Amino acid sequence: RGRGRRDGDGQKTVPMLLPAPPTELERKLHGRNPCISPHVTCLVFGPDGESYFCQFADGAMVHNDLPVELFAALHTKSEKYGCKSNEATVQSMALGPYDSYVCIWKDGSYDWSGVPDELHAILLNGKPLPDTGLIGDIENGSAKSPLEINMGQNFEWFLRFVGGSWVAHGHPDDCEQEIEAVKEEEDGMIVDIHFGQDSMWIIEYEAGEEY
């Protein structure tokens, strides 16, 4: 299930997280035969609407205007291990403002640069900084084995771990209110939070058994 921002009269709306995909990427995606071509396993857009990364099930990649360090890591790993190896296959990626990024590889390792201090501390030490206004369910324990990452254009971010625990920071107030509503009204488990332009967001969650 998913939830988006509510408009002024209380009706739920599904936000447009991004403008139309760049023409070059759209052409490459539409040019693939869905019956025989490998499916997309990872598709990420940067906050400027021009940078992107797309990975297919066969390990092939198309991308544009990635941060230099990330570009180098992708190609170094592909050349060293082979594009289909876990070491070179992306599990999840986020492209943030000012060339910030997080890349989680299939083998469980991860690289990052330019991210907010709160996220940097978790990735570096496996523990959140104290009293930083984080929300999630890792406050009383360490945060290890990242699985899913998302960042927005204002450095808002969401990080989920193997096992289902998660943490988020920098999101709009109405997003946090909706998170609480998901947990209280539907006994929901947060799966992902996607951030888009102009403080837009979508919460992906699984409802409790009673729902």
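Here is how the numbers come out for the structure above:
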| quantity | calculated |
| --- | --- |
| Amide H contacts under 5 Å for Ser92, placed H, 5+ residues apart | Ile104 |
| Carbon plus sulfur fraction of accessible area for region 98-211, probe 1.4 Å, in percent | 42 percent |
| Mean Cα-pair separation over length for region 170-211, i.e. relative contact order, pairs under 8 Å, 6 or more apart, % | 36 percent |
| Amide H within-cut-off set for Ile193, under 5 Å, with H built and near neighbours excluded | Glu204 |
| Percent of Cα-Cα distances greater than 19 Å, calculated over region 120-189 | 33 percent |
| Karplus-derived 3J(HN,Hα), 6.51/-1.76/1.60, for each residue of region 61-76, Hz, glycine and proline x | 10, 10, 7, 8, 6, 7, x, 4, 5, 5, 4, 5, 5, 4, 7, 5 |
| Charge dipole magnitude, Cβ of K and R +1, D and E -1 - region 91-164, Cα centre, debye nearest 20 | 220 debye |
| Peptide ranges 99-111, 146-158, 59-71 listed from the most packed, as the mean C-beta count within 10 angstrom indicates | 146-158, 99-111, 59-71 |
| Reciprocal mean inverse distance between Cα atoms of region 98-155 - Kirkwood radius, Å | 12.2 Å |
| Amide H partners (placed H, <5 Å) of Ile138, local residues excluded | Trp166 |
| Principal axis dimensions, largest first and in whole angstrom, of region 77-131 by Cα | 42, 24, 15 |
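The values are calculated or read from the model by the stated rules, or taken from the named source; none is laboratory data. As the structure is a prediction and not an experimental result, all values here were calculated from the model. Because the Cβ atoms are built from the backbone with ideal geometry, glycine has one as well, and the counts that use them run over all protein chains shown. Calculation scope for accessible area: heavy atoms of the full protein, side chains included, ligands and nucleic acids excluded. Shrake-Rupley method; radii C 1.70, N 1.55, O 1.52, S 1.80 Å.
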